[in-house]
Amino acid sequence: MLLELDDHATAVAQARAAGRRRAFTVNAVRVLLVVAVLGSWELAATYWIDPFYYSKPSAIWDRLVDWFTTGTSQGSIWTQIAYTLEEALIGFVLGSVGGVVLGIVLGRSRFLSDVCAPFIKAANAIPRIILASLFVIWFGLGMSSKVATAFILVFFAVFFNAFQGAREVDRNLVNNARILGASRTAVLRTIVVPSATSWILASLHSAFGFAIIGAIVGEYSGADKGLGLLINHAQGTFDSAGIYAGMIIITVIALLAEWLLTLLERRLLRWRPPVAANEARI
Amino acid sequence: MPTQAEPDGPAIELRDATKRFRSSSGGVHTAVRNLDLAVRAGEFVAVVGPTGCGKSTTLSLVSGLEPPSAGEVLVHGRPVDGIPAGVGYMFQNDAVLPWRTVLDNVAAGPRYRGVAKREARERARDWVGRVGLGGFESYYPHQLSGGMRKRVALAQTLVNEPSILLMDEPFSALDVQTRGLMQDELLRLWAGDDPLGKGGGAAVVFVTHDLEEAVVLGDRVVVMTAGPATVKASFDVPLKRPRDAEEIRLTPEFLEIYREVWESLREEVQITRERSAGNAA
Ligand SMILES: Nc1ncnc2c1ncn2[C@@H]1O[C@H](COP(=O)(O)OP(=O)(O)OP(=O)(O)O)[C@@H](O)[C@H]1O
Ligand SMILES: [Mg+2]
């Protein structure tokens, strides 16, 4: 008996050690890859291709350091980040709330969804980025035109998922709740919304990316502050390092948001059986 | 068939009820035709019939989830319009909420009916214990076995103290031993604290494929025809209560009534089988 226990403990320890070794190898290879890519870029730009067009990692790094220590051509980098982030966040929140509410309402009402279907299809077919130019005319160069662009991008991404989620609610669950005494609003609150949650959360991941794209594109079309303006300015002065630096900042912001959303998702979807532990998560 | 001379009428009554569905090919499919059935308060009626004949549809008429296409459905003497008060319904498929723990699943009914959260949880805790799931209150459905999920559904239904209890093959997915246990539990819970083991007032309609189960549980076994469903015959089960689900199967009285009902059911099963063989050919 004791021997069996021992065996079990050893097996667990071995499995753990194997897991750690694997994780270490994976990470080591990743680091090597990054070093290889950046190193060859640096070398190529130093001896071979023209860094004026392609820039090089050290120049980008210098630019980042410069932005964060002495500031940008438009003022402090933090002001730019805060400005863009604010636009993206407002657009994200408004767009998701609007998308969720309208998606669920239409998803639960056969009549309304039948009426609205062609309009929504048409609206979705509009190349939305172009709307950014229109919004600048409508709302001016201030923050609201960027919020509007972010909103419209987020709204459609979230809307379609919420709609689908509300449609796919298990009839059985709805009937069961009704038998148990649930009113229409209680069914909506306790059955429809929770079962659409996994759909909605899935869309929020891409939606925050869209919100940032919306804000940046908005700034691109005309603005007096923000990361988009910074990138636009870098483009105007053929400063390729500046474009890369802006891109890196935006990427980091998007990754942070992604991480926060994953935390939220874990919290809200605790009830779901865990995904197979070793499954690759991209 | 409608029973007369009842002091205050049957708890459930279907009069000449018919239910048609539009079939996918555009035609009309009759699932239930001219069905007459009355169930007294406190009576346990087991319903058997060949697969696909319209048993679940009959229950959905009584529960008010589907209106009849023709005829009348009465619960406590009133025509069904929406979900009647006092109805509990255990569905054929799992209907526990995957995002709620066992306790919150069972507390759902009282919560929907306006009971305060603490009180609802208190009641739920009591019922979770009664169906033998004490200690699993904070588990999510995916962490339970199939049999345990059925117990959650049972507690979820019974916590509302229904006076009409509709059960659609609740134990058919369980293994034989668990099923025996659940049958005993159901009889015990249905009988309540009544020492005579007669029902605590709830009228039960229990649909099953398993004739043995029907005879073990029912005061009466109703045999349905091959679809569209109507009542073919109704057999009183003369077995005394309280019954022990495991023991009673071995008595000669059980075998006698079982044989009698099976004679009736066999023809319908035969018809259904021939039909599906005909369709397949
Ligand atoms: N919503 C619906 N729309 C169309 N047809 C339906 C619908 N519900 C049931 N039917 C049809 O009515 C018939 C009876 O179905 P029902 O579910 O009542 O059978 P059942 O006796 O419960 O079968 P089983 O014993 O297999 O559960 C079937 O032929 C089915 O296809
Ligand atoms: Mg059925």
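Amide H to amide H, which residues 5 or more places from B:Phe171 or on other chains are under 5 Å from it, using H placed in the peptide plane?
Those qualifying (amide H under 5 Å, at least 5 residues apart or on another chain) number zero.
Within segment A:162-255, which chymotrypsin sites (Phe, Trp or Tyr not before Pro) sit in a loop by DSSP and count at most 13 neighbouring Cβ atoms inside 10 Å? Don't skip to the answer; put the middle values down first.
Details: sites: A:Phe163, A:Trp199, A:Phe208, A:Phe210, A:Tyr220, A:Phe238, A:Tyr244; in loops: A:Phe238.
Of the chymotrypsin sites (Phe, Trp or Tyr not before Pro), the ones in loops of segment A:162-255 whose Cβ has at most 13 other Cβ atoms within 10 Å are A:Phe238.
What does the charge dipole of chain B about its Cα centre add up to, to the nearest 20 debye, if the Cβ of each Lys and Arg holds +1 and the Cβ of each Asp and Glu holds -1?
For this selection, approximately 900 debye.
For the pair B:Arg188/A:Ile120, report the inter-label distance in nm, with labels modelled 7 Å from Cα in the Cβ direction.
So the label points at B:Arg188 and A:Ile120 sit 5.1 nm apart.
What is the dipole size for chain A, taken about its Cα centre, with +1 at each Lys and Arg Cβ and -1 at each Asp and Glu Cβ, in debye to the nearest 20?
With Lys and Arg at +1 and Asp and Glu at -1, about 1100 debye.
Where a ≥ b ≥ c are the square roots of the eigenvalues of the C-alpha gyration tensor, would you call chain A rounded, which needs a/c under 1.5, or, failing that, prolate if a/b is larger than b/c, or oblate?
oblate
Take the Cβ-Cβ distance between A:Glu168 and A:Arg270 as r, set R0 to 25 Å, and report the resulting FRET efficiency rounded to the nearest 0.05.
With R0 = 25 Å, the Cβ-Cβ based efficiency is 0.75.
Given 37 °C and 0.692 mPa s, compute D for segment A:189-282 with the Stokes-Einstein relation, Rh being the Kirkwood radius over Cα pairs; round to the nearest whole µm²/s.
This corresponds to a translational diffusion coefficient of 208 µm²/s.
Quote the FRET efficiency, to the nearest 0.05, computed for A:Ser133 versus A:Thr185 with a Förster distance R0 of 41 Å and r equal to the Cβ-Cβ distance.
0.50
Can you pull the one-decimal nm distance between simple spin-label points at A:Phe111 and A:Thr79, each 7 Å off the Cα toward Cβ?
For the pair A:Phe111/A:Thr79, the computed spacing is 5.5 nm.
Which whole-number value in Å² is the accessible area per residue of segment B:15-81, probe 1.4 Å?
45 Å²
Once both labels are modelled 7 Å past Cα along the beta-carbon direction, what's the B:Leu255-B:Arg275 spacing in nm?
3.4 nm
For segment B:131-281, what does the accessible surface come to per residue with a 1.4 Å probe? Please give it in Å².
Accessible surface, normalised per residue, equals 46 Å².
Could you name every residue in segment B:72-101 that has 40 Å² or more less accessible surface in the full protein assembly than in its own chain alone (probe 1.4 Å, ligands and nucleic acids excluded)?
B:Ile83, B:Phe91, B:Ala95, B:Trp99
Which longest uninterrupted range of chain A lacks any GluC sites (Glu not before Pro) assigned by DSSP to a loop state (not H, G, I, E or B) and surrounded by at most 13 other Cβ atoms within 10 Å? Present the calculation step by step, with values, prior to reporting the outcome.
Numbers: sites that count: A:Glu168, A:Glu279.
That would be A:1-167.
How big a patch of accessible area, both sides summed and in Å² to the nearest 100, lies buried between B and A at a 1.4 Å probe?
Using a 1.4 Å probe, the pair buries roughly 2000 Å².
What's the average, rounded to a whole number, of partner chain beta-carbon atoms within 10 Å of each residue's beta-carbon in A:179-192?
The mean count of partner-chain Cβ atoms within 10 Å per residue comes to 5.
Karplus couplings for segment B:228-239 from phi (6.51 cos²θ - 1.76 cosθ + 1.60, θ = phi - 60°), rounded to Hz, Gly and Pro as x?
After applying 6.51 cos²θ - 1.76 cosθ + 1.60, I find x, 6, 9, 7, 8, 7, 9, 10, 6, 9, x, 7 Hz.
Heads up, I need the accessible area for A:Asp50: 1.4 angstrom probe, whole protein in place, Å², nearest 10.
Surface open to solvent at A:Asp50 totals about 70 Å².
Can you find, among A:Val12, A:Gly39, A:Val26, the residue farthest towards the positive end of the dipole of segment A:2-49? Put +1 on the C-beta of Lys and Arg, -1 on that of Asp and Glu.
Farthest along the dipole direction, towards plus: A:Gly39.
Under DSSP H, which helices of chain A have Cα atoms covering 27 Å or more of the helix axis and a Kyte-Doolittle average no less than 1.0?
Membrane-span-like by this criterion, though nothing is claimed about a membrane: A:77-108, A:143-167, A:193-220, A:240-268.
In segment A:189-282, which trypsin sites (Lys or Arg not before Pro) are in a loop and have at most 12 other Cβ atoms within 10 Å, using DSSP for the loop call?
Answer by residue number: A:Arg270, A:Arg281.
Give the distance, in whole Å, between the Cα centre of segment A:34-80 and the Cα centre of segment A:174-248.
First find each Cα centre; the distance between them is then 28 Å.
Can you compute the FRET efficiency between A:Val101 and A:Thr70 using 1/(1 + (r/R0)^6), with r the Cβ-Cβ distance and R0 = 45 Å? Round to the nearest 0.05.
That pair, A:Val101 with A:Thr70, gives E of 0.50.
The values are calculated or read from the model by the stated rules, or taken from the named source; none is laboratory data. The shown structure was predicted, so the numbers you read here are calculated from the model rather than taken from an experiment. Here Cβ is always computed from backbone atoms with ideal geometry, including for glycine, and neighbour counts include all displayed protein chains. Ligands, DNA and RNA are excluded from the accessible area calculation, which covers all protein heavy atoms including side chains. Shrake-Rupley method; radii C 1.70, N 1.55, O 1.52, S 1.80 Å.
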